[in-house]
Each structure stands twice: as structure tokens, then as C-alpha cells.
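Asks: Shown below is the structure under consideration.
The values are calculated or read from the model by the stated rules, or taken from the named source; none is laboratory data. Treat the numbers as computed from the prediction; the structure is a model and nothing was measured. Cβ atoms come from the backbone with ideal geometry, glycine included; neighbour counts cover every protein chain shown.
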Amino acid sequence: MLIIEKAKKEDARAIHDISRELNISYAKDKDKGVLLRIIPEEYIEQNIDNFIAARLHGSMAGFLWFNTQYPEELLGDTILQGNIDNCIYSEQIAVKREYEGLGLGRKLYEFIKVNNPDKGILVLV
């Protein structure tokens with residue numbers, strides 16, 4: 001059974017582990033894509049409200065890390081077109097390799113959209 005929900009503090013370790021497992025330094029199959037950042041567990045705990053968890057059969061299968069403010073460190077390298085104040089910013093999305101192809105990433109984005117119907121979603125790459 002698939003459950004998509006706001007992450008809980010006790011999910012911090014599992015989210016960190018997925019970000020490490022899929023990181024460019026550790027991923028075995030880089031052709032399938034990699035994450036560029038390992039998210040520190042302490043950061044996840046402190047910002048748990050910015051994470052959505054995907055659970056499949058009770059196990060953490062993936063996550064979406066989002067923000068409601070544009071990352072200021074990117075403003076210097078960004079040309080803004082239009083108003084971006086009313087957006088959710090997708091910082092990182094990850095699905096464990098064994099759960100790829102099941103539509104979990106799409107479900108994570110749908111959760112954000114359904115719970116923030118008045119906001120747009122920007123994906124940061």
C-alpha cells in the first residue's frame with residue numbers, strides 16, 4: 001500500500017540514507033540519474049516540514065524536499081521572469097532504485113499540488 005504524507009521527525013534518517021544512496025559519489029548506476037547533495041540528517045530534522053515522504057508497504061520509498069521561498073543563494077545566478085512569490089520550490093526528489101517506475105515521483109508532486117492548490121511548482125535543477 002502506498003502512502004504519501006508529510007514526513008515525520010523519525011523519517012530523517014531514512015531520508016538522509018536515500019539521499020546518500022542516490023548521491024553521485026555512491027550511486028552504482030549513474031546513467032539512471034543521481035542526486036548532487038547528501039542532505040544532512042540534522043538539517044532534515046530541523047526542516048522536516050519541508051519534506052514529503054512516500055511509503056510503500058511501510059518502508060520509506062522516496063521523498064520530495066521543497067521550500068516556499070526561493071533559495072537566496074541562487075538569486076545571483078538567476079534571471080527571473082515574472083512573479084515567483086506564489087510558488088513551491090522543489091529542491092530535490094528521490095525514489096529508491098527498487099521502487100522506480102511505479103509513479104512515486106508523480107504522486108509526490110501531486111501531493112504538493114493538492115495541498116497547495118493556489119501555488120505553482122518550480123523545479124530547481
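Asks: Could you figure out which of (1) under 12 Å from the mean Cα position of the chain (by Cα); (2) at pLDDT 95 or above isn't true of Ile39?
Replies: Condition (2) is where Ile39 drops out.
Each row is one residue, and each column tells you yes or no for (1) surrounded by 13 or more Cβ atoms within 10 Å (Cβ to Cβ); (2) modelled with pLDDT of 70 or more; (3) of a type in the set (Ser, Thr, Tyr).
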position	(1), (2), (3)
Lys32	no, no, no
Leu35	yes, no, no
Tyr43	yes, yes, yes
Ala61	yes, yes, no
Asn67	yes, yes, no
Glu72	no, no, no
Leu122	yes, no, no
